Amino acid sequence: MKRTYDIGNRRELFVDQLLIERLQDTRLKLHEPVSGGVAIRIDKPWEGPGNGPISVLDLGGGRLHMYYRAMTLLPDDLSGVTCVAVSDDNGATWTKPALGLAERAGRRDTNLLADQDGQEVSLGPWLDTRPGVLAGER
C-alpha cells in the first residue's frame, strides 16, 4: 500500500521515489557537478590553513560580504583573526579589500577587521532583518 504525504504548497525536489508513485518513459538523474573555477584563494600570510567558520551576508546593493576566521597554525602565532572578502558577482569571485584596520605579517594593507595585540578576534556576524530595525543598525 502506497503512503500519502501531504506536502501542502511546498516545492519538493524529487531525488528519490518517496513522493513519486510511478515513472513512465522517464528516469531520475542527478547531474554531475561542474566546476565554476576558484572563487577565493586563502593565500595571505595571516590566513590558513585553519579557517572557518564562514558567514556570507547579502547586505543589498548587489554586494555579498564574506566574514571568515583565519588562523595560521604557526607555533609562535596561534591567534585567530576575522577577515572580510566581498563579491559583486553573486559569489563567483571574491576580493579582499585592503581595509588598513589592523597590521599583520608586517603589513597594514590587510583585510582584517580587527587585531587585539595577538589575541584572538572571532566574530559570528548576522543580519537583523526584523521590521523597524534601522538600516545602519541591521
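Summary of values
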{"quantity": "The listed residue being over 27 Å from ALA105 (Cβ atoms) and out of contact with any helix residue (DSSP H, G or I) (no Cβ under 7 Å at 6 or more places or on another chain), out of GLY61, GLY48, GLY52", "calculated": "GLY61"}
{"quantity": "Residue check, ARG69 in contact with an Asp or Glu (Cβ under 7 Å, 6 or more places away or on another chain), basic (Lys, Arg), under 30 Å from GLU103 (Cβ atoms) and surrounded by 10 or more Cβ atoms within 10 Å (Cβ to Cβ)", "calculated": "no"}
{"quantity": "Count of residues meeting criterion [modelled with pLDDT of 80 or more and of a type in the set (Asp, Glu)] in region 110-138", "calculated": "2"}
{"quantity": "Count of residues meeting criterion [free of Cβ contacts under 8 Å to residues at least 40 places away in the same chain, assigned to a loop (DSSP other than H, G, I, E, B) and open to solvent by 60 Å² or more (accessible area, probe 1.4 Å)] in region 43-60", "calculated": "2"}
{"quantity": "Selection within region 61-83 - farther than 20 Å from GLY124 by Cβ, in contact (Cβ under 8 Å) with a residue 24 or more places away in the chain and part of a loop (DSSP other than H, G, I, E, B)", "calculated": "GLY62, ARG63, THR72, LEU73"}
{"quantity": "Candidates ARG63, ARG107 - the one that is farther than 30 Å from ARG3 by Cα, open to solvent by 80 Å² or more (accessible area, probe 1.4 Å), modelled with pLDDT under 90 and basic (Lys, Arg)", "calculated": "ARG107"}
{"quantity": "Top-ranked residue in region 21-40 [being at pLDDT 85 or above and among the aliphatic types (A, V, I, L, M); ranked as farthest from VAL86 (Cα to Cα)]", "calculated": "LEU23"}
{"quantity": "Unique residue being modelled with pLDDT under 80 and either open to solvent by 90 Å² or more (accessible area, probe 1.4 Å) or in contact with a helix residue (DSSP H, G or I) (Cβ under 7 Å, 6 or more places away or on another chain) (or both) when the list is ASP88, ASP76", "calculated": "ASP76"}
{"quantity": "Which numbered condition LEU23 fails, given (1) part of a loop (DSSP other than H, G, I, E, B); (2) more than 30 Å from ARG3 (Cβ to Cβ)", "calculated": "(2)"}
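The values are calculated or read from the model by the stated rules, or taken from the named source; none is laboratory data. Note that this is a predicted model, so its numbers are computed, not measured. Virtual Cβ from ideal backbone geometry, glycine too; neighbours counted across all protein chains shown. Heads up: the accessible areas ignore ligands, DNA and RNA and are worked out on the full protein's heavy atoms, side chains in. Shrake-Rupley method; radii C 1.70, N 1.55, O 1.52, S 1.80 Å.
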